[in-house]
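Data block below; observations after.
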Amino acid sequence: MAMQEQVPAEETCLICGRHEVEGIHICNQLICDSCQKKIVETEVTDWKYKYYMNKLAKLRLNLTQCTKEANVIHAGTGGEAGKH
């Protein structure tokens, strides 16, 4: 019997609302690769910066749940991450 390859389920991007498979998860919410790239490249003086910050503010709603479920990693010295 051949094993079937599992296809990752699509999720809705918190920023653009598109159904995507690839991206990062913050507090169990997806930010697609495209939006992640746009956020990182946006200057704080650009009008889009405020738009992205308003979208990211939705993450605060689940902050309590997120901290309970996440394995918190704190940044160490020299850019290395250390687990506490």
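Only the coordinates and a few stated rules stand behind these numbers; no lab work does. Being a predicted model, the structure only gives us computed values, none of them experimental. For neighbour counting, all protein chains shown are included, and Cβ atoms are generated from backbone atoms with ideal geometry for every residue, glycine included.
Overview of values
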read-out	value
Hits in the stretch 30-61 - residues which are under 12 Å from the mean Cα position of the chain (by Cα) and either among the charged types (D, E, K, R) or not in a helix (DSSP H, G or I) (or both)	30, 31, 32, 33, 37, 55, 58
Complete set of residues in the stretch 25-57 that are small (Gly, Ala, Ser) and loosely packed, with under 12 Cβ neighbours inside 10 Å	57
Close pairs (6 angstrom Cβ cut-off, 6 or more residues apart or separate chains): charged (D, E, K, R) in the stretch 21-46, not in a loop (DSSP other than H, G, I, E, B) anywhere	22/33; 33/23
